[in-house]
Structure formats: structure tokens, C-alpha cells
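Trainee: Would you mind keeping the following structure in view while I ask a few things?
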Ligand SMILES: NC(=O)c1ccc[n+]([C@@H]2O[C@H](COP(=O)([O-])OP(=O)(O)OC[C@H]3O[C@@H](n4cnc5c(N)ncnc54)[C@H](OP(=O)(O)O)[C@@H]3O)[C@@H](O)[C@H]2O)c1
């Protein structure tokens with residue numbers, strides 16, 4: 001490993017430890033710092049150096065990876081004269097979860113302090129880090145990403161550059177989590193329906209896995225239609241809004257009959273009804289996008 005690929009990881013909680021451990025195991029010279037020093041012991045056993053201060057951790061590295069609970073904690077650690085001075089000329093990779101607004105503000109601070117900055121979104125839990133299946137998104141200048149890419153490969157998978165806008169990794173993170181929560185909240189309702197109807201959850205589990213490929217295909221279809229603004233029902237429409245709503249009404253009735261909380265379905269119900277009222281019954285499901293994002297048509 002070349003000298004310019006030395007890494008420091010600031011923050012060794014669950015995720016930070018996984019990141020530091022992956023770097024160390026890949027042979028990247030790794031330094032760590034954590035507020036609670038005892039949490040660095042396992043990393044020291046893997047060969048990581050433990051720094052006494054944030055500034056000395058920064059000085060020991062070419063690429064500084066931060067992973068703490070939030071941006072407020074990160075700012076408190078990095079926006080000191082000593083740490084900012086040490087960061088000058090280095091690459092800072094922020095992997096703490098945040099928002100596009102926080103990422104852009106951090107990007108501005110970094111350029112004012114002559115720090116090369118990438119803002120990352122980790123689309124995985126710590127157990128995936130260092131393995132093939134991991135996806136980590138990076139926003140920021142392509143040239144900075146190109147300098148860091150080889151060492152970031154130690155985290156597993158293929159590092160994904162999502163563009164020069166430092167806010168785009170966290171924006172995409174939120175969009176992907178929206179897809180995830182749609183599925184997970186729906187799953188809670190599905191489990192409640194099964195239990196109320198006396199269906200074993202093992203049966204629900206088996207069938208949920210079986211329909212997963214269909215869900216992936218339908219998600220791709222909706223995004224593609226929104227992208228092309230193909231909202232009208234056509235020969236490739238998989239199910240009209242009316243067909244969706246007919247099946248959906250049965251779900252709502254079933255939930256009501258069993259006293260299942262209506263909060264999750266309530267939002268879907270409002271959107272379906274508003275679209276039908278506007279005469280969109282024969283249209284594609286993707287037509288609902290014009291209600292989710294008014295003015296999108
Ligand atoms: N866990 C996941 O599956 C996952 C997935 C994607 C993204 N993330 C993101 O990764 C970040 C860390 O999550 P985590 O699961 O690793 O959390 P965690 O295990 O609770 O670790 C939190 C880390 O932040 C540090 N910290 C908190 N407040 C601090 C402060 N005021 N000053 C200095 N350090 C402070 C903690 O230090 P101490 O050890 O001293 O408390 C610890 O190193 C979060 O932004 C999270 O959203 C996590």
C-alpha cells in the first residue's frame with residue numbers, strides 16, 4: 001500500500017469500527033480515534049494505531065473517514081483550529097448520516113479550509129462492510145473521488161460516485177430508504193393481516209420472498225415510467241389505477257374488520273381516491289406521481 005493511502009477513521013462505534021476493521025484487514029495503514037477510547041481495543045488488535053487526539057489522527061492520514069452519530073458531533077470534532085489546520089490538503093470522507101443541506105454546508109466549509117471533500121451514504125449495516133454486497137455512494141468532485149477510490153475499495157463492493165454535488169449521496173440515501181420503508185411498513189400491515197386471519201407468519205415469510213422478484217420489477221417499471229412521464233394507461237401497463245384501487249379497498253376493509261391501525265394505508269387511500277376523483281382510473285399506477293409531486297406532469 002502506498003504512503004498516500006493512509007487512512008484515519010474518526011469514530012469507532014458500530015459502523016466506524018466496521019469501516020476501520022475493513023481498512024486494517026485490507027492492509028491499509030489505519031489510525032483510529034474515538035471519544036470512548038476503550039472501543040478502539042479490537043481495532044488495535046487488528047493492527048490499527050490509536051491516536052490520542054482528533055488532530056493527530058488527521059495528521060497520520062491522507063484520507064480521513066468520519067463516522068459519528070450526527071453532523072453536529074462531527075462538526076464539534078473537526079471544526080477546531082487544530083483539526084482544520086491538520087485537514088488542510090487532505091481528503092475528508094464524511095460517512096455520518098445526514099441531509100443534502102448538511103452535506104453542502106460541510107462541502108462549503110471544506111473548500112473554505114482547503115480540504116478535499118466527499119460526502120458518503122452507506123447503504124448497508126456494519127456486517128456487510130468489507131464484503132462484496134456492500135453499496136456505498138459518494139458525492140463530491142470526480143477528481144477527489146478518483147484520488148480516494150482505490151483505498152475506498154477496501155470497504156467492499158464497488159464504490160459508487162453519484163456526481164459532483166456533495167448533497168446527492170444523502171439525497172439518494174433518503175430516496176432509497178423511502179423505498180425500503182414503503183416495503184417495511186407494508187410488511188408490518190401484512191403480518192397483522194396474517195395473524196388476524198390465522199395464517200402462520202412462516203407462510204407469510206415464504207410467500208413474501210417468492211414475490212420479491214415481482215416487487216423489484218414493479219419498482220423498476222414505476223421509476224422508468226416516471227422518468228419517461230408515461231402516466232397514461234397503455235399496452236404495457238401492468239395494472240390500471242382502478243385495478244390497484246379495487247384490490248387495495250379489500251385490504252383496507254380487512255384491516256378495518258380486524259382493528260388494524262389505519263395509519264399506513266391512510267396515506268395510500270387518500271392518493272388513490274384523489275387520482276380516481278380526477279378521472280385517472282384507467283391510467284397507470286405511475287400517474288399517482290403527479291399527486292406525490294404536484295407540478296411534475
Ligand atoms: N449502524 C448502521 O447500520 C448504519 C448504517 C448506515 C449508516 N450509519 C450511520 O453511521 C453513523 C454511526 O452509526 P453507528 O450505528 O455506528 O452508531 P453508534 O454505534 O451509536 O456509534 C456512534 C459513534 O458516534 C460517536 N459519538 C456520538 N456522539 C459523539 C460526540 N458528541 N462526540 C464525539 N463522538 C460522538 C460515538 O462515540 P462513543 O463511542 O464515545 O459513544 C460512536 O463512535 C450514524 O450517522 C448512522 O446513521 C449506521
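Trainee: Considering only the range 1-103, give the helices (runs of 4 or more DSSP H) lying wholly within it that have at least 2 residues that are more than 9 Å from the ligand (Cβ to nearest atom) and under 26 Å from residue 123 (Cβ atoms).
Mentor: So the answer is 14-25, 41-45, 71-78.
Trainee: Oh, and also: Which of the residues spanning the range 138-148 are surrounded by 14 or more Cβ atoms within 10 Å (Cβ to Cβ) and without any contact (Cβ under 8 Å) to a residue 40 or more places away in the chain? Before the answer, list the steps.
Mentor: Step one: list which residues in the range 138-148 are surrounded by 14 or more Cβ atoms within 10 Å (Cβ to Cβ), which gives 138-141, 144-145, 147-148.
Scanning the range 138-148 gives 139, 140, 141, 145.
Trainee: So which of 139, 163 ends up being touching a helix residue (DSSP H, G or I) at 6+ places or on another chain (Cβ under 7 Å) and farther than 20 Å from residue 73 by Cα?
Mentor: Values: 163 fails: touching a helix residue (DSSP H, G or I) at 6+ places or on another chain (Cβ under 7 Å).
None of the other options fit; the residue is 139.
Trainee: If residue 105 satisfies all but one of (1) in contact with a strand residue (DSSP E or B) (Cβ under 8 Å, 6 or more places away or on another chain); (2) at negative phi, what's the number of the condition it fails?
Mentor: Checking residue 105 against (1) in contact with a strand residue (DSSP E or B) (Cβ under 8 Å, 6 or more places away or on another chain); (2) at negative phi, the one that fails is (1).
Residues are listed down the side, and each one gets a yes or a no for (1) touching a helix residue (DSSP H, G or I) at 6+ places or on another chain (Cβ under 7 Å); (2) in contact (Cβ under 8 Å) with a residue 60 or more places away in the chain; (3) surrounded by 21 or more Cβ atoms within 10 Å (Cβ to Cβ); (4) within 18 Å of residue 23 (Cβ to Cβ):
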site	(1), (2), (3), (4)
82	yes, no, no, no
96	yes, yes, yes, yes
104	no, yes, no, no
132	no, no, no, yes
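Trainee: Can you tell which of 176, 188 is modelled with pLDDT of 95 or more, more than 16 Å from the ligand (Cβ to nearest atom) and surrounded by fewer than 22 Cβ atoms within 10 Å (Cβ to Cβ)?
Mentor: That would be 188, the only listed residue that is modelled with pLDDT of 95 or more, more than 16 Å from the ligand (Cβ to nearest atom) and surrounded by fewer than 22 Cβ atoms within 10 Å (Cβ to Cβ).
Trainee: Could you tell me which residue of the range 104-156 is farthest from residue 14 (Cα to Cα), considering only residues that are in a strand (DSSP E or B) and away from the ligand (no atom under 16 Å from the Cβ)? Quick ask: steps written out before the conclusion?
Mentor: So in the range 104-156, the residues in a strand (DSSP E or B) come out as 116-122, 136-139.
Checking which are away from the ligand (no atom under 16 Å from the Cβ) leaves us with 116-117.
On the way: 116: 26, 117: 23 Å.
Going through the qualifying residues, I end up with 116.
Trainee: State whether one or more residues within the range 168-188 are in contact (Cβ under 8 Å) with a residue 60 or more places away in the chain, touching a strand residue (DSSP E or B) at 6+ places or on another chain (Cβ under 9 Å), closer than 30 Å to residue 7 by Cα and part of a loop (DSSP other than H, G, I, E, B).
Mentor: To start, the set of residues in the range 168-188 that are in contact (Cβ under 8 Å) with a residue 60 or more places away in the chain comprises 168-171, 173-174, 185-186, 188.
Narrowing the set further to residues that are touching a strand residue (DSSP E or B) at 6+ places or on another chain (Cβ under 9 Å) leaves 168-171, 173-174.
Subset that is closer than 30 Å to residue 7 by Cα: 168-171, 173-174.
Right, trim to part of a loop (DSSP other than H, G, I, E, B) and you get none.
No: zero hits.
Trainee: Which residue out of 209, 237, 219 is free of Cβ contacts under 8 Å to residues at least 12 places away in the same chain and either assigned to a helix (DSSP H, G or I) or within 31 Å of the chain's Cα centre (by Cα) (or both)?
Mentor: Numbers: 237 fails: free of Cβ contacts under 8 Å to residues at least 12 places away in the same chain; 219 fails: free of Cβ contacts under 8 Å to residues at least 12 places away in the same chain.
Within the list 209, 237, 219, the selection yields 209.
Trainee: Continuing with this model, one more query. I'd like to verify a number: residues in the range 225-247 that are under 16 Å from residue 292 (Cβ atoms) and exposed (fewer than 15 other Cβ atoms within 10 Å of the Cβ), how many?
Mentor: 2
The values are calculated or read from the model by the stated rules, or taken from the named source; none is laboratory data. Owing to the predicted nature of the structure, the values given are computational and were not obtained by experimental measurement. All Cβ positions, glycine included, derive from the backbone under ideal geometry; neighbour counts span all protein chains shown.
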